[in-house]
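Report on the structure given below.
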Amino acid sequence: MSFTVHARVSLRALSYQHGSILGALEQGLSLLTAGMSDVRIVDSGGRSHSPTALYAQLFGPRAAVAAPAAGTDLPLAA
């Protein structure tokens, strides 16, 4: 299956081809982190996904980790 990652920076449009969904997802997330806009991953069937939505679809939503309450002692490393 073929995946294309599309992104924009200023007025310039970029496209990258990938043979795997994980490669496309990794690049899509990297482009988002780098500040690119309109980052989309399009599969060979024409379905378009944002990298974060595709991540959630593949791996499930990220669970929130609760911060320790103020004043509680944290375990020390040995």
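Worth a mention:
- Flag if L14 is of a type outside the set (D, E, K, R) and more than 8 Å from the chain's Cα centre (by Cα): yes
- Among the residues listed as A56, A24, A67, the single one being modelled with pLDDT under 95, hydrophobic (A, V, I, L, M, F, W, C), on the phi < 0 side of the Ramachandran plot and within 11 Å of the chain's Cα centre (by Cα): A56
- Matching residues, region 38-55, being outside any strand (DSSP E or B) and open to solvent by 40 Å² or more (accessible area, probe 1.4 Å): S44, G45, G46, R47, T52, A53, Y55
- For region 1-37, a tally of residues being outside any strand (DSSP E or B) and surrounded by 14 or more Cβ atoms within 10 Å (Cβ to Cβ) returns 12.
The values are calculated or read from the model by the stated rules, or taken from the named source; none is laboratory data. Computed from a predicted structure; not experimentally measured. Here Cβ is always computed from backbone atoms with ideal geometry, including for glycine, and neighbour counts include all displayed protein chains. SASA here: full protein model, heavy atoms, side chains in, ligands and nucleic acids out. Shrake-Rupley method; radii C 1.70, N 1.55, O 1.52, S 1.80 Å.
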